[in-house]
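Worksheet for the structure shown next.
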Amino acid sequence: MTRILVTGATGTTGRHIVSSLDEAGLRVRALVRDPAGASLPEGVEAVRGDLSAPETLEPALRDVESVYLMWPGLPVVDPRVVETIARHAERVVYLSTDVADLAEGEQATSYHQEIERLIRNSGLGWTFLRAIDFATNTLGWADQVRQGVVRWPYGQASRSLIHERDIADVAVRVLTSPGHDGARYVLTGPESITHAEQVRIIGEAVGRDVRWEDLPVEAAREALTAAWGNAEFVDARLRAWGRFVDAPERVTDTVERLLGRPARTFRSWAEDHADDFR
C-alpha cells in the first residue's frame, strides 16, 4: 500500500490532509518537530524532522511514494530538501502560491518560484497547488474584531481568499488519484469580496457589529513593518491590495472541477472560525 509523507502535518492544511488520508485507510506518515507533542490520529505514524535540517528527512522518507510538501518561509531555500525527497519518493505535491513559471536562468522573485524550479528539475513527478491567500490570514484581525473596529488599508480591495479545508481536499484528491502530474492548479475561493465586506461577514458570524475603518497607507506601512519585520514584504502586500481595489483578485473554478462541488464561501469559513474571533 502507498505510504504518503505529509509535511506541516499539524498546520493549517496539513492536519486536515492527515485526517482525510487516515480516514481513507491510507498509510500516512507525519513529519513533525516533536512527535510526542503532536496531536495526530491514532493510526498515523509521526516522525521527527525539520525542513531547515535536510539530513533529518531521511528516516521520514523511507518507503514513501508520495510527499505533500508545505515549505514554510525559511530564510534560505536549501536544495538538499528536494534532492533528499527525490532520492526516496516518486512524486511530490507542493503547496505553492499564485506565481508565474520561471524560465531557466530567470531570477526568482519569491521563494515559491525557487522551490518550484528545484522540483521541476528533480526528476520527481509533481503537482503545484498555487493557492491564493488563505482566509485564515484574516485571523490577524481578531483583536480588532473583538473591539468592534478593524483598521486596515484598502477596504475596497477585493480578494478571493480560500478556505484551508478546500486546499486540503484538493491535496488529498491529487495525492490519491492519477492524472495530475505536471499540473499547476490555481486555487481560489468562489468569489472575490472586499476587505470591508469580509469584516462585516465575520461580525455577522460572531454575532456583533464590526465596523471597517480605512487606515492610511503610510500608517499601515509603519505598523505592518513593525509587526512583520520585513519592509519589502509589506510593500509588496500594500501594492497588491492597492491593485485589487480596481482589479479584483481573480477567481478560478479549479476547486469545483477537481472536487465536483463549489469551493467553500468566505461566509462558510467565518462561521467555521467564529470562536477564534470571540
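Where a number appears in this text, it was derived from the coordinates with a stated rule and is not lab data. Computed from a predicted model, the values in this text were never measured in an experiment. Note that we place each Cβ from the backbone using ideal geometry, even for glycine, and neighbour counts take in every protein chain shown.
Take every Cα pair under 8 Å whose residues are at least 6 apart in sequence, average their separation, divide by the length of the chain, and the relative contact order is 17 percent. So in the chain, what percent of DSSP beta bridges are antiparallel if you round to the nearest 5? So the antiparallel bridges in the chain amount to around 5 percent. With each label modelled as a point 7 angstrom along the Cα→C-beta vector, the GLU90-ARG261 pair spans 2.9 nm. Give me the extension gain from ARG120 to ARG278: residue separation times 0.36 nm, minus the current Cα-Cα distance, reported in nm with one decimal. In short, 52.5 nm is gained.
When the helices of the chain are scored as -39500 (n - 2.57) per DSSP H run of n ≥ 4 and the total is divided over every residue, the value at 222 nm lands at -11000 deg cm²/dmol. Across the range 43-49, rounded Karplus estimates of 3J(HN,Hα) from the backbone phi angles (6.51 cos²θ - 1.76 cosθ + 1.60, θ = phi - 60°) give x, 8, 7, 9, 10, 6, x Hz, Gly and Pro being marked x. Ordering of 97-106, 39-48, 254-263 by packing is 254-263, 39-48, 97-106, highest average first (other Cβ atoms within 10 Å, averaged per residue).
A simple spin-label model places pseudo-atoms 7 Å from Cα toward Cβ; at ALA36 and ASP253 they are separated by 5.3 nm.
When only alpha carbons are used to place a centre, the range 260-278 and the range 1-40 end up 23 Å from one another.
Sort out for me the Cα centre separation of the range 161-192 from the range 85-151, rounded to whole Å. Taking the Cα centre of the range 85-151 as reference, the centre of the range 161-192 is 12 Å away.
Rounded to the nearest 10 degrees, what's the angle between the helix 195-206 long axis and the longest principal axis of the chain, both from Cα atoms, 0 to 90? For 195-206 against the chain, the angle is about 80 degrees. Protection proxy ranking of 141-150, 193-202, by the mean of other Cβ atoms within 10 Å over each peptide's residues and highest first, is 193-202, 141-150.
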